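Laboratory data are not the source of any read-out in this text; all were calculated from the coordinates shown. This one's a predicted model, so the numbers in the text were calculated from it and none came from an experiment. So basically every Cβ, Gly included, is an ideal-geometry build from the backbone, and we count neighbours across all protein chains shown.
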Amino acid sequence: MTEIGQPRHYKIEMLTSAHDRRSFESENPKIDDYLKRMALQRMKRHQARTFVIIADDEPTAILGFYTLTMATISFDESPPIYKAPPGKSVTAALLAQMAVAKTYSGKGFARKMVMHCLHNCRQIDAVSGLLAITVDAADENAKSLYLHLGFEVADERDPMRLHMPMDAVIKKLEMD
């Protein structure tokens, strides 16, 4: 533990088996279950990457996490702004899961994780090209957070699916 009067330092790193997934509890039990049962399995299968925010003085305690994976969006599903040709698809990153532990809610960790995700997506874009980042907001509170951070509703037919085009990601990272 940090001594009284000493600030805690936080960092984001990739999830490993050393992190205490079982003790993590957010406001969303479904997302907690993903972290506890699926996150490491999906990483071992090269299907996704999960990142955790931890405190230096408690390196195994997960204070928040997010999962990043890739997605293809078919022409039929893509928002009109992407203008994918018929029969083709576009590549996007998918911010698949994100949660903050109940005891750390409201402390800015969600923003830190989204910015970390944006940086990771910028690196992916630099080596392979990426059209956008998409996220399916779990609820109205999550949607409000993503909208505040610069995501937009991708298609009015699905108001919980949000996106941020890579041009907007790059601009946001330059401003931050």
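I need Ile12, Ile124 ordered by Cβ neighbour count within 10 Å, fewest first.
Ascending Cβ contact count within 10 Å gives the list Ile124, Ile12.
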**Item:** Helix-only mean residue ellipticity at 222 nm for the chain, each DSSP H run of n ≥ 4 adding -39500 (n - 2.57), per residue, nearest 500
**Value:** -8500 deg cm²/dmol
**Message:** Taking the number of other C-beta atoms within 10 Å as the exposure measure, put Leu145, Leu35, Leu173 in order starting with the fewest.
**Reply:** Leu173, Leu145, Leu35
**Fill in**
So for the range 89-176, using the alpha carbon gyration tensor with a ≥ b ≥ c as root eigenvalues (a/c under 1.5 gives rounded; past that, a/b versus b/c decides prolate or oblate), I'd call it oblate
**Request:** Would you order Arg122, Arg157, Arg111 from fewest to most other beta-carbon atoms within 10 Å of each residue's own beta-carbon?
**Result:** Arg157, Arg111, Arg122
**Message:** Tell me the Rg and the Dmax, in Å, that the Cα atoms of the chain produce.
**Reply:** 16.7, 61
**Request:** Please give the length that would be gained between Glu174 and Asp57 if that part of the chain were fully extended, namely 0.36 nm times their separation in residues minus their C-alpha to C-alpha distance (nm, one decimal).
**Result:** 39.0 nm
**Item:** Across Lys30/Lys88; Lys107/Lys171; Lys107/Lys172; Lys36/Lys88; Lys11/Lys36; Lys102/Lys172, pairs whose alpha-carbon gap is larger than 31 Å
**Value:** Lys30/Lys88; Lys36/Lys88
